[in-house]
Amino acid sequence: MQSPVGIRERIDHVFPSLRPAEQAVARYIRDHLETAAELTVGQLAEVSQVSQPTVIRFARKLGFGGYRELRYVLRHPQEERAVTFDPLEGFDLNPWDDPDSVPAKATASAKTLIDELRASLDTKALRKATTIIAQAGIIDIYGVEDSVAPALDLNTKLTYLGLECRFNQDTYLQQIGAAHLHHGDAAIAFSHSGSSADTVKALRTAKSSGAHTIAVTNNAGTPIANWADVVLLTGRGNHAIYGNAIFSRVAHTAMVDMLYMSVILSDYGRFSTELDRSGRVIADREYTGRA
């Protein structure tokens, strides 16, 4: 159970990052906990000689949704843990956390996402996607924002296997490329939410062009799934865009590795030979330390 000291500890953690006016509010509350608990936002602003918006910003930086929640905890310190502010939904990180706890929190979040991927994965869909990729003439890959990382990773891996791939970070070029696909080509789109407008449009255009389409997403019932011949689910539903979507690359990168390994196994002789060829081409790029 928390005590008023808990609020002081939170203030001490965030104090160096506060603006001067916010620090004035912090000092007043830290030095007058009982008095501050009885003040309205206007009264606290007045005694701290700052504006009301400054008081509200301070409350949010302290980890609350607004001044009302902060005042409630000041008046009921035993309820501190019952009042939560979750800017990273699904990821336990708070302004007062010890930095030494970050590795444990990050790995726990990653493990949760990987476990969700494993539970959600449809192996039949994975096999179908593998066949499409292995037999494709041209492979277009789409993704924006955080989905750029797995999209680029897949493009690199498939290129090493001798497949004709392309990935443009420019969303206009993604859509133009999709318009020039043909029957026998493939398009792969990454979207955690399944609703990224540019990504959905690119995949829709690719399908209209006659290409086979694959969507890697966390949601089966979203717009991108409507234009996918194969949906590869990486989780059990949507998370807030400022929450687990930020970490979606963990599951999406794992899916990339699954596709890469599955494509190799689909024709081991062919793809292991191509992989060896790619390795020989860049073998002279290794730094040896010799002049």
- Item | Candidate set from the stretch 142-176 (those that are under 23 Å from the mean Cα position of the chain (by Cα) and β-branched (Val, Ile, Thr)); member that is nearest to ALA202 (Cα to Cα) | THR171
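Return yes when ARG19 is of a type in the set (Lys, Arg) and farther than 15 Å from LEU74 by Cβ and no when it is not.
Working: of a type in the set (Lys, Arg): yes; farther than 15 Å from LEU74 by Cβ: yes.
Yes: the conditions hold for ARG19.
Which of the strands (runs of 3 or more DSSP E) contained wholly in the stretch 127-195 include at least 2 residues that are touching an Asp or Glu at 6+ places or on another chain (Cβ under 8 Å) and aromatic (Phe, Trp, Tyr)? Spell out how you get there, then give the answer.
Values: elements: 139-142, 165-167, 186-191.
Where strands (runs of 3 or more DSSP E) fall fully within the stretch 127-195, none carries at least 2 residues being touching an Asp or Glu at 6+ places or on another chain (Cβ under 8 Å) and aromatic (Phe, Trp, Tyr).
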- Message: Go through (1) assigned by the TED database to the domain that holds ARG270; (2) crowded, with 16+ Cβ neighbours inside 10 Å; (3) at pLDDT below 95 for LEU181 and report which single condition fails.
- Response: (3)
- Query: Could you say whether any residue in the stretch 144-158 is surrounded by 23 or more Cβ atoms within 10 Å (Cβ to Cβ) and touching a His at 6+ places or on another chain (Cβ under 7 Å)?
  - Reply: yes
- Only residues in the stretch 106-119 that are assigned by the TED database to the domain that holds ASP257 count as the first member; pair them with residues that are open to solvent by 70 Å² or more (accessible area, probe 1.4 Å) and basic (Lys, Arg), Cβ under 6 angstrom, at least 6 apart or cross-chain, and list the lot. GLU116/ARG236
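Can you tell me which residue within the stretch 177-213, out of those that are within 20 Å of the chain's Cα centre (by Cα) and touching a residue at least 60 places away in the same chain (Cβ under 8 Å), is farthest from TYR260 (Cα to Cα)? Give the steps one after another, and end with the answer.
The initial filter retains those residues of the stretch 177-213 that are within 20 Å of the chain's Cα centre (by Cα), namely 188-200.
Then drop every residue that is not touching a residue at least 60 places away in the same chain (Cβ under 8 Å), which leaves 190, 192.
Numbers: PHE190: 15, HIS192: 19 Å.
By that ranking, first place goes to HIS192.
The values are calculated or read from the model by the stated rules, or taken from the named source; none is laboratory data. Keep in mind that this is a model prediction, so the values were computed, not measured. Ideal geometry is used to build each Cβ from the backbone, glycine not excepted, and the neighbour counts take in all protein chains shown. Protein only, heavy atoms only, side chains kept; ligands, DNA and RNA dropped before computing areas. Shrake-Rupley method; radii C 1.70, N 1.55, O 1.52, S 1.80 Å.
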